[in-house]
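Read the structure below first, then the notes.
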Amino acid sequence: MNTAAFIAIAVLTLSGALAAATLPRLIHAALFLVVAFVGIAAFYFLLGAEFVGLAQIFVYVGAVAVLIVFTILLTRREEEQTGGLNWGGAVVAVAVFIGLLWAILRTPAVNIAAGPIDALTVRRIGEVLMTDYVWPLQCVGVLLTAALLGALLLVMEEKRP
């Protein structure tokens, strides 16, 4: 793994996540959340997991983040008051970072070489999803449909005669 690329992606992802947690304007925070999602997808690409990286981009950047941005744009009518940085979000972000860092540093290093595995193709992933994991896949589909219907109900205006 290229160390310089890893550091650049880590800085991009962490700065996007910290900005999303601390910015007072909701639309700016949502846009920086998109930056953090793209950084996570870049980590997947750097690790050689192209399918998961593309799924991250399609699902989180292409669907979830766009849904969040449209919901914010459609439901915010009045100008929101900005009182500076959201320090509560910064405290939570730093606490989670410290907790994860503590857990990583306490974990002993494992020096066992992984055995050889067959190449994972998109066809094999599709076969496994449609045979072994068909019920979880259907549950995720129902969950995403319910989230879309909930978002539509939030943005629909009630017409009064």
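Every number in this text was worked out from the coordinates using simple rules, so none of it is lab data. Fair warning: this is a prediction, and the values are worked out from it, not measured in the lab. Ideal geometry is used to build each Cβ from the backbone, glycine not excepted, and the neighbour counts take in all protein chains shown.
Annotations
- The HN-Hα couplings worked out from phi for the range 128-134 by the Karplus form 6.51 cos²θ - 1.76 cosθ + 1.60 (θ = phi - 60°) are 5, 5, 8, 10, 7, 10, 6 Hz, whole numbers, x standing for Gly and Pro.
- For the chain: relative contact order, % (alpha-carbon pairs under 8 angstrom, 6 or more apart): 22 percent
- Among 9-15, 98-104, sorting by the average number of other beta carbon atoms lying within 10 angstrom of each residue, highest first, gives 9-15, 98-104.
- The label-point distance for T121 and T145, in a model that sets each label 7 Å from Cα toward Cβ, rounds to 3.1 nm.
- For the chain, the longest principal axis of the C-alpha atoms and the axis of helix 26-46 are separated by about 10°.
- Axis angle, to the nearest 10 degrees, between helix 3-22 and the longest C-alpha principal axis of the chain: 30 degrees.
- Residue-span extension gain [Q138 to F58] - 0.36 nm each, minus C-alpha spacing: 27.0 nm
- Cα gyration tensor shape of the chain, rounded if a/c is under 1.5, else prolate or oblate by comparing a/b with b/c: oblate
- Extension gain, V91 to A103, is 2.5 nm, computed as 0.36 nm per intervening residue step minus the present C-alpha separation.
- Where labels lie 7 Å past Cα in the beta-carbon direction, separation of F45 and H28 in nm: 2.7 nm
- Packing, as the average of other Cβ atoms within 10 Å across residues, places the peptides 45-51, 113-119 in the order 45-51, 113-119, highest first.
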